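Laboratory data are not the source of any read-out in this text; all were calculated from the coordinates shown. The structure presented is a predicted model; accordingly, all values stated were derived computationally and were not measured. Here the Cβ positions follow ideal geometry from the backbone for every residue, glycine too, while neighbour counts run over all protein chains shown.
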Amino acid sequence: MPSLSQIHRPKTFADVTGQGHVTETLRKEVATGTLGHAFLFCGPRGVGKTTTARIFAKALNCENPKDGEPCNACQACVAANEGRQLDLIEQDAATHNGVDDMRELIEHVRFAPLGGKRKVYVLDEAHMLTGSAWNALLKTLEEPPPYAFFIFATTEWHKIPATIVSRCQRFEFKRIPDAELSERVRFIAKAEGMKIDDDVVRLIVSRSDGCVRDAETLLGQLASLGAKELTLETASLVIPQGYGELAARLIDLWASRDHAASLREAQRLADDGIPLVPFFDDLVAEVRRRLVASADAPQAFTPGELNDLALLLFERRKDAKVGVDALFALQLAGTIAANGLLRHSRSPSVILSETKDLTPETKGDSSPPAQNDKAREVPKAQEKTKESSSEYQIASSEGQRAKSREQQVKENQELSVVASEAKQSQTPVAEIASSPEAPRNDNAGSPTVDLNIVRMKWQAVIRAVDEVNHSLPFILKISRPEDVRGSTVILRFQYAFHLDKIVGDPKNRHIVEQSMEKVLGERLALEGVVGEDAARAEARSQDIVSNILKAFGGNVVES
């Protein structure tokens with residue numbers, strides 16, 4: 001039994017839904033006789049490319065065309081409508097895509113039409129033809145017989161060689177607007193004697209994504225139930241249900257920063273049997289909807305946060321598809337979103353490290369450290385001499401390199417003397433640091449900021465940068481203070497172009513250095529390195545091994 005799409009296939013250009021910019025041009029070409037010999041129909045699937053090609057072929061052979069439209073009454077039109085037109089040759093290029101197939105077609109082109117005035121060749125999925133096949137066809141396209149016409153239908157015209165495209169009239173088919181698609185659904189339902197609710201029409205249109213064929217297929221599924229009145233309750237038995245409302249609810253929980261509730265909701269979805277891997281598609285669709293809506297009205301998430309959320313969901317969906325537990329991937333995404341860490345979503349390792357370093361001071365206090373804070377950092381300065389230094393590829397001039405290790409040890413020893421004298425005199429350290437009579441360090445001008453202080457204050461530095469330049473904080477948030485060498489802060493970047501943007505640009509570098517001076521109270525230079533340190537690389541490797549063991553079972557065997 002024919003499907004609804006076959007029964008109600010358009011028979012004239014005017015019957016084609018939503019492609020008036022194409023059908024009107026083709027109709028006028030037929031009416032005036034100003035015809036090309038090769039046509040390229042491109043656009044999404046199921047929007048009428050092949051249907052339009054058949055109508056065009058029928059119009060070319062019609063014995064009594066009416067202003068470019070086929071009459072559907074002559075012998076040629078009747079044969080075309082019944083699928084008996086011998087001069088309309090349709091070929092699936094996806095399966096007949098080789099040189100031999102093209103040679104056979106070229107041989108067929110040499111013969112005159114059997115019954116009509118013209119022979120029309122329709123090649124569907126034309127982008128699947130091989131380069132050699134196109135080359136074999138090229139000469140025929142350049143000098144075709146006067147009766148031969150070629151129509152290439154494709155969803156990916158950019159894969160077709162430019163030498164072919166340049167010899168074709170190209171027509172862009174578009175997705176069908178919701179209003180026109182709704183009218184098409186109502187028209188077919190009425191022709192079939194069915195009463196259809198508006199809610200069902202909206203459901204069909206929303207599931208079709210602008211594709212007429214999908215809409216007609218869904219309506220055919222409903223018609224197979226035998227019901228004369230199609231309600232939303234009836235439609236729910238047949239039409240696959242989406243999870244848009246559940247996705248919107250989960251994103252609302254993330255936006256409200258309700259971390260615990262979002263974890264419970266994700267667990268409930270899994271317990272209810274919701275397929276979580278495709279559920280990521282519904283989440284992305286909801287984020288897209290909100291991103292578009294944010295242009296007209298404020299949303300719970302800012303446009304920047306919605307962008308980060310979409311990228312985060314793409315990453316977690318990819319993890320779920322390659323074997324990571326989908327529930328864990330969803331809960332991890334929720335943890336990042338519900339805790340306001342979306343700006344770090346591109347680098348989960350940075351999230352974990354920076355939340356570990358997070359202190360109340362990073363949330364609001366952006367003032368420089370007081371003198372007593374510097375005095376309390378004396379033991380940390382001594383610990384710094386015990387740390388082993390690693391090799392860095394410093395993106396800076398030689399004159400701005402860090403002080404030598406020997407000089408730093410000397411300074412730390414002098415700072416130790418200050419702390420020792422304070423202890424012997426039983427005077428509070430804070431008073432020594434602020435008292436005019438306190439012993440002065442010969443290197444009093446040397447910086448007293450260490451790596452811990454920089455990390456604790458880094459969010460305040462980023463906020464200070466944001467007051468001057470709104471694009472730099474994005475890079476700084478996914479970078480990490482790696483070390484402090486004397487008066488130089490070493491920043492580790494994920495990508496080389498991030499380093500070039502911050503350190504390599506004198507203007508941007510000056511903005512960051514001024515912001516560090518404003519927040520940390522010290523004039524510091526900025527240098528950078530690219531890549532992942534050994535500890536994190538090892539941790540990432542261990543995570544991969546753990547995920548493999550979790551997915552497939554087994555034990556690690558020591559060699």
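Quick look at the values:
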read-out	value
Cβ-placed point charges (K, R +1; D, E -1), dipole of the range 117-178 about Cα centre in debye, nearest 20	240
Peptides ranked, highest mean first, by Cβ atoms within 10 Å: ranges 495-501, 25-31	25-31, 495-501
Centroid-to-centroid separation of the range 240-260 and the range 125-186 [C-alpha atoms, Å]	42
Contour minus Cα-Cα distance for His158 and Asp281 (0.36 nm per residue)	41.7 nm
Length gained when the stretch His470-Phe328 is fully extended (0.36 nm per residue, less Cα-Cα span)	47.8 nm
Theoretical gain in end-to-end length, Leu232 to Ala94 [0.36 nm per residue, Cα-Cα removed]	45.8 nm
Spin-label pair Asp198/Thr34, simplified geometry with 7 Å Cα→Cβ offset, distance in nm	4.5
